[in-house]
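Notes to accompany the following structure.
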Amino acid sequence: MTTTRFAPSPTGYIHIGNLRTALMNYLIARKAGGTFILRLDDTDGERSKPEYADAIQQDLEWLGLTWDRVERQSARLDRYHAAADTLRAQGRFYEGFETPVELDLKRKKQLNMGKPPVYDRAALALSQDEKARLRAERSPHWRFLLDQERITWTDGILGDISIDAASVSDPVLIRGDGQVLYTLASVVDDTEMGVTHVVRGSDHVTNTATQIQIMAALGHGHPAFAHHSLLTGPQGEALSKRLGVLSLRDLRAAGVEPMALLSLMARLGSSQPVEVRATLEELIEGFDISQFGAAPTKFDADDLKPLTGRVLAALPLAAVAGEIAALGVPGPLAAAFWDLVKGNIANRAELALWWAVLQGSAAAQVAEEDRDFVSQAFTLLPPHPYGDDAWATWTNAVKQATGRKGRGLFMPLRLAVTGRAQGPEMADLMPLMQAPPRL
């Protein structure tokens, strides 16, 4: 059975880059009728917070990305230590005693000499007495001893990959403070949970190479890997510094519709055009990971605005009936109100703006040069309630009285009644007004 996982660390809110990973893994599992696991990688006891774990689940639920089960790495520490014992018994796990400062100095020295900053395996040359002396001073970290051979796999996006393990540092799997790191925990979980497909960012390619060797050392094959491109800003700039304003909860607060966001992310970076879909089932049906490319993918949050508008315009009344009722829109008027505004709102919050217009309480926008014109025009408004011909009757009367016509006639009146330069046809809007407009 196809099994995928989304494995965020609950050390902060998930952002648009995390969503790309989550969505791809979700769509693969659902298209195959398989299992999608939400795995909270919470081995960092100091930075992992329950409120972030809750927020991750809330964000996924908002998008409709349901999971089949939740796993927490903090509940599986015994499995990671058992794997570490296996690696020690094989001679594939060794102690290192360098401090972060010492390791940094080594890296800088190698770079200055024009060499790749690969760990020199100095810890392997330590005698038992030297190790005992160092243990008395500090707790060791533990590294996996790589076989220095080529590691190859066929990536679902990048194609054939070959990495020389001699060009990679032996990865630290357990820190000096005892924290089990991602590289080991992920290997144990992916193999023991039967994960068949792993999709993640291209910044994990080297991790994948080392994890393939660790899996083999523990007696396992490896899942099918696919590494998607990283997101950049609209000009190709690094997105990392902007991720704080691109968390899913920030996008939700900004009024972005779930299907607008999912429709964009399910196609962004692929050879397929972005198309607004109404349901997750449609996204699942059309998803094909082989259509994605390796080049950095530009993401512009402004693209979500028109997509959200298109999603809203296609919604039936039932999808917004509760929000419309909460505004105080009378039940008999709800359908006509929604038909009027659904193609003219950027997000659901704008429903309130248009209901204010229909109540005659919109904030009028009147240019100084139009003030006398608008004041005169308002004296010519037909009596309320307005009929179907109210707009034509009013504008004809104003035209006759002032001589204005075209845009010079219509735009100042629209701005005065609605406070907005764009919106529904005024001929359709005025019959629904519950009170005359006020200047």
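The values are calculated or read from the model by the stated rules, or taken from the named source; none is laboratory data. Fair warning: this is a prediction, and the values are worked out from it, not measured in the lab. Every residue, glycine among them, receives a Cβ derived from its backbone with ideal geometry; neighbour counts consider all protein chains shown.
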* Since R267 meets every condition but one in (1) free of Cβ contacts under 8 Å to residues at least 40 places away in the same chain; (2) closer than 30 Å to T154 by Cβ; (3) in contact with a Gly (Cβ under 6 Å, 6 or more places away or on another chain), which condition does it not meet? -> (3)
* **Selection from segment 22-40 of residues that are touching a helix residue (DSSP H, G or I) at 6+ places or on another chain (Cβ under 8 Å) and surrounded by 21 or more Cβ atoms within 10 Å (Cβ to Cβ)** => A22, L23, M24, L27, I28, R30, F36, L38, R39, L40
* To do: Considering each residue of segment 202-226, count those that are in contact with a strand residue (DSSP E or B) (Cβ under 6 Å, 6 or more places away or on another chain) and either free of Cβ contacts under 8 Å to residues at least 12 places away in the same chain or assigned to a strand (DSSP E or B) (or both), and give that number.
  => 3
* Selection status of S229, within 24 Å of I157 (Cβ to Cβ), surrounded by 16 or more Cβ atoms within 10 Å (Cβ to Cβ), touching a Pro at 6+ places or on another chain (Cβ under 6 Å) and not β-branched (V, I, T) -> yes
* Would you pick out the residues in segment 162-198 that are touching a Phe, Trp or Tyr at 6+ places or on another chain (Cβ under 9 Å), among the polar types (S, T, N, Q) and within 21 Å of R88 (Cβ to Cβ)? -> S169, T183
* Which condition number in (1) of a type outside the set (D, E, K, R); (2) more than 38 Å from the chain's Cα centre (by Cα); (3) surrounded by 18 or more Cβ atoms within 10 Å (Cβ to Cβ) is the one that H384 fails? -> (3)
* Structure fact -> Of those in segment 227-249 that are assigned to a helix (DSSP H, G or I), touching a helix residue (DSSP H, G or I) at 6+ places or on another chain (Cβ under 7 Å) and under 12 Å from N18 (Cα atoms), the residue modelled with the lowest pLDDT is L243
* To do: Considering (1) touching a helix residue (DSSP H, G or I) at 6+ places or on another chain (Cβ under 8 Å); (2) exposed (fewer than 13 other Cβ atoms within 10 Å of the Cβ); (3) hydroxyl-bearing (S, T, Y), say which one T402 fails and leave the rest.
  => (2)
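Among the listed residues T379, T418, T402, which satisfies the condition of being among the polar types (S, T, N, Q), in contact with a Leu (Cβ under 9 Å, 6 or more places away or on another chain) and more than 29 Å from E257 (Cα to Cα)?
T402
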* Select from segment 415-425 the residues that are in a helix (DSSP H, G or I), without any contact (Cβ under 8 Å) to a residue 60 or more places away in the chain and under 38 Å from the mean Cα position of the chain (by Cα) and list them in ascending order. => L415
* To do: Mind listing whichever residues of segment 319-338 are within 23 Å of P306 (Cβ to Cβ) and under 31 Å from the mean Cα position of the chain (by Cα)?
  => A319, V320, E323, I324, W338
* Asked: Among the residues of segment 410-428, which ones are surrounded by fewer than 19 Cβ atoms within 10 Å (Cβ to Cβ), among the hydrophobic types (A, V, I, L, M, F, W, C) and out of contact with any helix residue (DSSP H, G or I) (no Cβ under 6 Å at 6 or more places or on another chain)?
  -> F410, M411, L415, A421
* If the Cβ limit is 7 Å and pairs must be 6+ apart or interchain, which residue in segment 125-145 that is within 16 Å of P100 (Cα to Cα) pairs with which residue that is charged (D, E, K, R) and in a strand (DSSP E or B)? -> P140/E95; W142/E95
* Structure fact -> When restricted to I151, I161, the only residue under 27 Å from I37 (Cβ atoms) and over 30 Å from the mean Cα position of the chain (by Cα) is I151
* To do: Run D129 past the list (1) closer than 18 Å to A166 by Cα; (2) modelled with pLDDT of 95 or more and report the number of the one that doesn't hold.
  => (1)
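Would you mind finding the one in V199, V195 that is under 24 Å from the mean Cα position of the chain (by Cα), hydrophobic (A, V, I, L, M, F, W, C) and assigned to a strand (DSSP E or B)?
Only one candidate passes the filter, namely V199.
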